[in-house]
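Down below is the structure, laid out as structure tokens.
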Amino acid sequence: MLKDKYELVSVILLLLATIFFILKRTILFNISETVLTLIEVIIFFGFTIVHGKKTVGIWNTMIFLVITYSLTLMLEYIGAIGLIPGCKWHYTTSLGPMFMDKVPYIIPLTWFTYIYCMYSMTNIIFGKISENRSEFERIGSVKKFIKLYVVSMVAGAIMMSWDLINDPVMVARGNWYWPEGGLYYGIPLMNYFGWF
């Protein structure tokens, strides 16, 4: 049973996002692809904010948003101008307005949602690390390093597995492309190492 209004709103937003996600891919709407994508991103973003308020608090969620948005915008820009070896991409205008004509402003919002979901899944897998902070602080530095390393590897694997599905779909929809191609649906393998 849902314990409070934040859980209820989270569930409603997640259901709405899922329904919209399915309908968008199965029914032809008389609305531009850009508008549909923006609606989808905003619904998922709203879910992330509400869920984050419930689980880590609104202040931590906002700090996480600012850090994630600014760092991923910078990373996306660096990749889009070709400064990541073996991994250059170009965005099309289908995702709306762009930062310096290279990166759509909504891309860092999707990163925020993906990274938050990966954080949540990793916490579920490893038994709420953030809630067991006092126990974590008591363990020795070698054990702490090993635990953080394992958590990071699992989180990286979750992010990479998501992108193995997401990237080919977004390329097929014409949202971005890889001018130099690659082995996996025309996407370079370096992209997946980067996500990991």
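Taken together, the values in this text are just the output of simple stated rules run on the coordinates, not laboratory data. Just so we're clear, the structure is a prediction, and the values are computed from it rather than from any experiment. Backbone-built Cβ (ideal geometry, glycine too); neighbour counts: all protein chains shown.
Given the -39500 (n - 2.57) contribution per DSSP H run of 4+ residues, what per-residue ellipticity at 222 nm results for the chain, rounded to the nearest 500 deg cm²/dmol?
On the way: 7 runs with 132 residues, N = 196.
That calculation yields -23000 deg cm²/dmol at 222 nm.
By how many nm would the segment from VAL150 to GLU180 grow when fully extended, if each residue of separation counts as 0.36 nm and the alpha-carbon distance is taken off?
On the way: separation 30, 0.36 × 30 = 10.80 nm, distance 3.33 nm.
Roughly 7.5 nm would be gained on extension.
Please check the chain for the longest run free of trypsin sites (Lys or Arg not before Pro) that are loop-located per DSSP (anything but H, G, I, E, B) and have at most 15 other Cβ atoms within 10 Å. Longest site-free region, per DSSP loop and neighbour criteria: 4-127.
Relative to the Cα centre, the charge distribution of the chain, modelled as +1 at Lys and Arg Cβ and -1 at Asp and Glu Cβ, gives a dipole magnitude of about 520 debye.
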